[in-house]
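The structure appears below as structure tokens.
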Amino acid sequence: MIINGSVITNGASSCKLTIENNVSVLREKDIIGEEDACSPCTRIYFCIQLMYIDGANLTVHHGTYWKLIR
């Protein structure tokens, strides 16, 4: 799970998370790896995902996004 750019993983035991405010969330089933970004659409999706995860390089990913959609 990715919450506002923070990658959250399950530990040995389960837990219940309650998100009390408005944040960006990507669930595990919605996350793709770079190796899965093999079509034009999935490359765009992966780039958007990187914008969520890697805020320090947001301008780089934003530039890549615009190149991909052109």
Is there any pair linking a residue in segment 1-27 that is under 13 Å from Y52 (Cα atoms) and part of a strand (DSSP E or B) to one that is open to solvent by 70 Å² or more (accessible area, probe 1.4 Å) and of a type in the set (F, W, Y), with Cβ under 7 Å and at least six apart or on different chains, and which? I2/Y52; L26/Y52
Take the residues in segment 33-49 that are exposed (fewer than 14 other Cβ atoms within 10 Å of the Cβ) and in a loop (DSSP other than H, G, I, E, B); name whichever of them is modelled with the lowest pLDDT. G33
Assuming V60 fulfils every condition listed in (1) touching a helix residue (DSSP H, G or I) at 6+ places or on another chain (Cβ under 7 Å); (2) among the aliphatic types (A, V, I, L, M); (3) at pLDDT 95 or above apart from one, which condition is it? (1)
Between a residue in segment 43-70 that is within 15 Å of G5 (Cβ to Cβ) and of a type in the set (D, E, K, R) and any residue that is open to solvent by 50 Å² or more (accessible area, probe 1.4 Å) and assigned to a helix (DSSP H, G or I), which pairs come within a Cβ distance under 9 Å, given they are 6 or more apart or on different chains? D54/V60
Considering only residues of segment 20-32 that are touching a helix residue (DSSP H, G or I) at 6+ places or on another chain (Cβ under 8 Å) and of a type in the set (V, I, T), which is most open to solvent (accessible area, probe 1.4 Å)? I31
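The values are calculated or read from the model by the stated rules, or taken from the named source; none is laboratory data. Please read these numbers as outputs of a predicted model, since none were measured by experiment. We place every Cβ from the backbone using ideal geometry, glycine too, and count neighbours over all the protein chains shown. Remember, those area values only see protein heavy atoms, side chains included, never the ligands or the DNA or RNA. Shrake-Rupley method; radii C 1.70, N 1.55, O 1.52, S 1.80 Å.
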